[in-house]
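Student: First, the structure itself, so that you have it in front of you.
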Amino acid sequence: MTGSVEVVYRGIFQKHLGQRITRGIVLASWKEGKVGISFGRYGDSPERNGIPAKSFAVVADSEEELQAYLSRYEPSNNDVTVAVDDSLCKGVESWAWYGLQPINKLTRPGGTVLVTSIQTPEELLKDCHRRDAEWSLAVVRGIASFSGLWVYKDDHTDVRVLGAIAKAAPHVVKLESVEAVIRDEWKDELKVVSARKSYERVLVRKVRSEEGNQEKPYEFQLLKWWEMKEGLVIPAIPVRQQVEGWEGGYRPGRNPTFKKFATRTMRPVVDFETCTKCTICWLQCPDSCFDVTPTGHYDANMEACCGCGVCEAVCPVTDCITMVNEQAFEDNAGQFDMHQKDPAGYKAWLTGKIKDKVITHRSHGFRYRGQYEEELAQMAAGGDEASGD
């Protein structure tokens, strides 16, 4: 019997975390006499900071079954899909020609989406797209772990996820095998305890086909061979979009399919009153997400912004651009239109978003040594469970 697990993580920041989870699955399967393979697939090439990427683990009873299962583009009938950052539940735009894809798209009917989060399943279902079959949503309590390439904090997220996978899909890997691998590879009995506690505590909720985000994600049909144009024809993206009523403004042409907003954990909010129109954010944005308004201000297009935070870093005006947790927002509405219609109301909205520490407890990356430990302490003081202890 063949089984597979897909781990969706944020590029670079969670790279090692994703690798340790899929490698642990394969090693545990060997303990049961199975064969397996762990491999990664970049969502964007080269792998970028924060952009969704994937690792897979495939296990089977025999080498023949394993090879037969792998003779496809990617595992598309996964027993478990792991999202190690709950903001990925909005969907994954990992390939520019795919469009936004639901987090559960590659999960088999009746399979499980396993999320590390301090949110409830009901809160997460507001983001997870509906599908035409029942599935399960499992939650491992904890904040997003940045146990990646640049920041490493051994918070047991890897082994806790392995323990939860054993609960969700015991036919893929059993808890006893996971514990044995942890002893062999990690050589830490406390991590064995964390995996076992996660197995016992993971919250699993059955999801009916009528539950979840009703938004219809992007779909496309590949051309038939007789529909293809003669020769090599690549329709170009226009350099500039024409926008009615924007005389004097400028909106760069953008790929109509590649909606980068699904990659965000944070988004910029702009104080247009303090903006000096210096152009630096517009010039330095790696994704050309800023529209130049007719008044000369710079408005971040929320479908093109991936939340990298470069604009906040380069802005010379204090608090003109502030990165705010994505959970504080419910849509991708433009901010400049709000400011134009009601400057005072926009200022109040802006201030409220920045100061709402209940939502914005999580920062964008880490700016100084010890910041991660400070955030964990703040979470613990607030009564949130950040680990399996």
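The values are calculated or read from the model by the stated rules, or taken from the named source; none is laboratory data. Quick caveat, the model's predicted, so the values are computed rather than measured. Reconstructed Cβ throughout: ideal geometry from the backbone, glycine too, with neighbour counts over all protein chains shown. Areas reflect the complete protein model, heavy atoms only, side chains present, ligands, DNA and RNA absent. Shrake-Rupley method; radii C 1.70, N 1.55, O 1.52, S 1.80 Å.
Student: Open to solvent by less than 90 Å² (accessible area, probe 1.4 Å) and among the charged types (D, E, K, R): which single residue out of ARG208, ARG183, ARG254 fits that description?
Tutor: None of the others qualify; the one that does is ARG254.
Student: Same structure, new question: Which condition does VAL310 not pass, out of (1) more than 23 Å from LYS90 (Cα to Cα); (2) surrounded by fewer than 21 Cβ atoms within 10 Å (Cβ to Cβ), if it passes all the others?
Tutor: Against the list (1) more than 23 Å from LYS90 (Cα to Cα); (2) surrounded by fewer than 21 Cβ atoms within 10 Å (Cβ to Cβ), VAL310 comes up short only on (1).
Student: Identify, by number, the condition in (1) open to solvent by 10 Å² or more (accessible area, probe 1.4 Å); (2) at pLDDT below 95 that GLY18 doesn't meet.
Tutor: If we test GLY18 against (1) open to solvent by 10 Å² or more (accessible area, probe 1.4 Å); (2) at pLDDT below 95, just (1) comes out false.
Student: Taking the range 271-290 only, how many residues are of a type outside the set (Phe, Trp, Tyr), in contact with a helix residue (DSSP H, G or I) (Cβ under 8 Å, 6 or more places away or on another chain) and either more than 23 Å from GLU93 (Cα to Cα) or modelled with pLDDT of 90 or more (or both)?
Tutor: Number of matching residues: 7.
Student: Conditions: (1) open to solvent by 10 Å² or more (accessible area, probe 1.4 Å); (2) without any contact (Cβ under 8 Å) to a residue 60 or more places away in the chain; (3) of a type outside the set (Val, Ile, Thr). ASP127 meets all but one. Number of the miss?
Tutor: (2)
Student: Within the range 350-362, is there a residue that is of a type in the set (Val, Ile, Thr) and assigned to a strand (DSSP E or B)?
Tutor: No, the range 350-362 has no match at all.
Student: Would you confirm, using the coordinates I've provided, whether VAL181 is modelled with pLDDT of 80 or more, among the aliphatic types (A, V, I, L, M), under 30 Å from VAL161 (Cα atoms) and not in a helix (DSSP H, G or I)?
Tutor: No: the conditions fail for VAL181.
Student: If we scan the range 41-52, do we find a residue that is among the hydrophobic types (A, V, I, L, M, F, W, C), modelled with pLDDT under 95 and open to solvent by 30 Å² or more (accessible area, probe 1.4 Å)?
Tutor: No, the range 41-52 contains no residue that is among the hydrophobic types (A, V, I, L, M, F, W, C), modelled with pLDDT under 95 and open to solvent by 30 Å² or more (accessible area, probe 1.4 Å).
Student: Please list, ordered by first then second residue, the pairs with beta carbon atoms under 6 Å, 6 or more apart or interchain, first in the range 327-350 and within 17 Å of ASP127 (Cβ to Cβ), second open to solvent by less than 60 Å² (accessible area, probe 1.4 Å) and of a type in the set (A, V, I, L, M).
Tutor: Note: pairs meeting the criteria are GLN327/ILE359; ALA328/ILE359; ASN332/MET302.
Student: Further question on the same structure: Is at least one residue of the range 223-240 modelled with pLDDT under 85, touching a Gly at 6+ places or on another chain (Cβ under 9 Å), more than 24 Å from GLY307 (Cβ to Cβ) and charged (D, E, K, R)?
Tutor: Scanning the range 223-240, I find at least one residue that is modelled with pLDDT under 85, touching a Gly at 6+ places or on another chain (Cβ under 9 Å), more than 24 Å from GLY307 (Cβ to Cβ) and charged (D, E, K, R), so the answer is yes.
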